[in-house]
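Data block below; observations after.
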Amino acid sequence: MNPPDFERFQVSAQDHGMLFYYVGEFTAPMVSAAADTLKARLATEDASGPAKRKVFSTFVEMAQNILHYAAPSPGDGAQASPRGAIAVGRLAEGSTDGQYWLVCSNPVTVEHVARLTDKLTALRAMSLEEIKQSYREQLRNDAHTSTDTQSCGAGLGLLTMARDASAPLEFSFASTSDPHDRTALFHVKARI
């Protein structure tokens, strides 16, 4: 990136209230370091304690989802991790008009698009009380690992983000320009 392009990126980030942006590999140490950085940054903000907790919780859930569920990028040649290739994604946090927002994106295999769409569409239709009730039920769901082999957290991450959000989660999928790529770019946005 040349300096003028970087300047345009900085201006755009500032115009959109971006406070944190990361793109690259997601590893447990990276998530921990980013969480510590965000926690320190939130300590200087004028927001209420509950708002800061919700921002931090949503940030961690988004980072964990990328870490655990990002599909390998085609031809990235990354070393294998316990759940496949090294996770690559993007995560940003910011504030506009007194409201925090968090957005993340990562590749998912096209086979998971329908399942994620169904889960998030149902979640968007729930009231806050229904989300809380579903969260409590999933905490007690010992049969989850035998009924959903794709999720390692019983869907608690999405429920946590939805519970903490001030509006329904926004999501979308974008296909890549490579016709041989079996992944789609998955985007999730939460407003706190």
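The values are calculated or read from the model by the stated rules, or taken from the named source; none is laboratory data. Everything numeric in this text was worked out from a predicted model, so none of it was measured. Here Cβ is always computed from backbone atoms with ideal geometry, including for glycine, and neighbour counts include all displayed protein chains. Note: areas computed on protein heavy atoms with side chains; ligands, DNA, RNA excluded. Shrake-Rupley method; radii C 1.70, N 1.55, O 1.52, S 1.80 Å.
Condition (residue is at pLDDT below 95, surrounded by fewer than 16 Cβ atoms within 10 Å (Cβ to Cβ) and more than 19 Å from the chain's Cα centre (by Cα)) applied to the stretch 19-38: is it met by at least one residue?
No, the conditions are met nowhere in the stretch 19-38.
Just for helices (runs of 4 or more DSSP H) wholly inside the stretch 90-192: which have at least 1 residues that are open to solvent by 40 Å² or more (accessible area, probe 1.4 Å) and modelled with pLDDT of 90 or more? Before you say what the answer is, go through the steps one by one.
Numbers: elements: 113-125, 128-139, 144-147, 156-164.
The helices (runs of 4 or more DSSP H) meeting that bar are 113-125, 128-139, 156-164.
Residue-by-condition table, conditions (1) of a type in the set (Phe, Trp, Tyr); (2) assigned to a loop (DSSP other than H, G, I, E, B):
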site: Met1; (1), (2): no, yes
site: Pro4; (1), (2): no, no
site: Arg8; (1), (2): no, no
site: Tyr21; (1), (2): yes, no
site: Gly24; (1), (2): no, no
site: Pro29; (1), (2): no, no
site: Ser32; (1), (2): no, no
site: Asp36; (1), (2): no, no
site: Lys39; (1), (2): no, no
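Tell me which of these Pro72 doesn't satisfy, since it passes every other one: (1) in a loop (DSSP other than H, G, I, E, B); (2) free of Cβ contacts under 8 Å to residues at least 12 places away in the same chain.
Here Pro72 clears every test but (2).
Scan the stretch 46-58 and give yes if some residue there is of a type in the set (S, T, N, Q), in a helix (DSSP H, G or I) and in contact with a Leu (Cβ under 6 Å, 6 or more places away or on another chain), otherwise no. Don't jump to the end; show me each part of the working.
Taking the stretch 46-58 first, the residues of a type in the set (S, T, N, Q) are 48, 57-58.
Applying the additional criterion that residues be in a helix (DSSP H, G or I) yields 57-58.
Now drop any that are not in contact with a Leu (Cβ under 6 Å, 6 or more places away or on another chain), which leaves 58.
Yes, because at least one residue in the stretch 46-58 is of a type in the set (S, T, N, Q), in a helix (DSSP H, G or I) and in contact with a Leu (Cβ under 6 Å, 6 or more places away or on another chain).
Kindly provide the set of residues from the stretch 1-17 that are open to solvent by 60 Å² or more (accessible area, probe 1.4 Å) and in contact (Cβ under 8 Å) with a residue 12 or more places away in the chain, ordered by number.
His16, the sole residue that qualifies.
Could you check the stretch 1-59 and list, in sequence order, the residues that are more than 29 Å from Tyr69 (Cβ to Cβ) and polar (S, T, N, Q)?
Passing the criteria: Asn2, Gln10, Gln14, Thr44, Ser48.
Cβ contacts < 7 Å: first residue closer than 30 Å to Pro50 by Cβ, restricted to the stretch 165-182; second residue surrounded by fewer than 16 Cβ atoms within 10 Å (Cβ to Cβ) and of a type in the set (D, E, K, R), any location; separation 6+ or different chain. Result?
Pro168/Arg124; Leu169/Arg124
Could you say whether any residue in the stretch 54-66 is surrounded by fewer than 19 Cβ atoms within 10 Å (Cβ to Cβ), farther than 26 Å from Thr183 by Cβ and in contact (Cβ under 8 Å) with a residue 40 or more places away in the chain?
Checked against the condition, which is being surrounded by fewer than 19 Cβ atoms within 10 Å (Cβ to Cβ), farther than 26 Å from Thr183 by Cβ and in contact (Cβ under 8 Å) with a residue 40 or more places away in the chain, the stretch 54-66 yields at least one hit.
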